[in-house]
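A short worksheet on the structure shown next.
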Amino acid sequence: MICDELIPQIESEKQKGGLKNLENIDVFCEKGVFEIEASQKILERGKAAGLAVNFHAEELKYIGGVEMGAKIGQHCETKGLTVFYEHL
């Protein structure tokens, strides 16, 4: 629903000149919320729509969110440690 309906609606509204203050897509990547595959799909789709990517991962439990961030070329802060990826 997010990738197939909501983000395309956002793109359409932005093309019409609406949603001028909407610049980011943000996902809470955690077990039981948006897990790795869903988070990556949402963030990549948002990035393709011209939105800046922001996400939260490993705040509650390690599930591989940092590695997912590396795949999409993001910088992530986790448990007080800032990790920069080669992709940047």
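The values are calculated or read from the model by the stated rules, or taken from the named source; none is laboratory data. As the structure is a computational prediction, the values presented were derived from the model and not from experiment. Don't worry about glycine lacking a Cβ; one is built from the backbone with ideal geometry, like all the others, and counts go over all protein chains shown.
A search for C-beta distances below 6 Å between a residue of the stretch 51-72 that is closer than 30 Å to Q15 by Cα and any residue that is among the polar types (S, T, N, Q) and in a strand (DSSP E or B), counting only pairs 6+ apart in sequence or on different chains, returns L51/N24; A52/N24; N54/N24. Scanning the stretch 25-48 for residues that are out of contact with any strand residue (DSSP E or B) (no Cβ under 6 Å at 6 or more places or on another chain) and surrounded by fewer than 15 Cβ atoms within 10 Å (Cβ to Cβ) gives K31, G32, V33, E37, A38, K41, A48.
Pairs are defined by a Cβ separation below 7 Å, a sequence spacing of at least 6 or placement on different chains, a first member in the stretch 19-47 that is within 11 Å of M68 (Cα to Cα), and a second member that is in a loop (DSSP other than H, G, I, E, B); the pairs so defined are E35/I63; I36/I63; I36/G64; Q40/I72; L43/I72; E44/I72.
Of the residues making up the stretch 43-63, one or more are in contact with a Phe, Trp or Tyr (Cβ under 8 Å, 6 or more places away or on another chain) and at pLDDT 90 or above.
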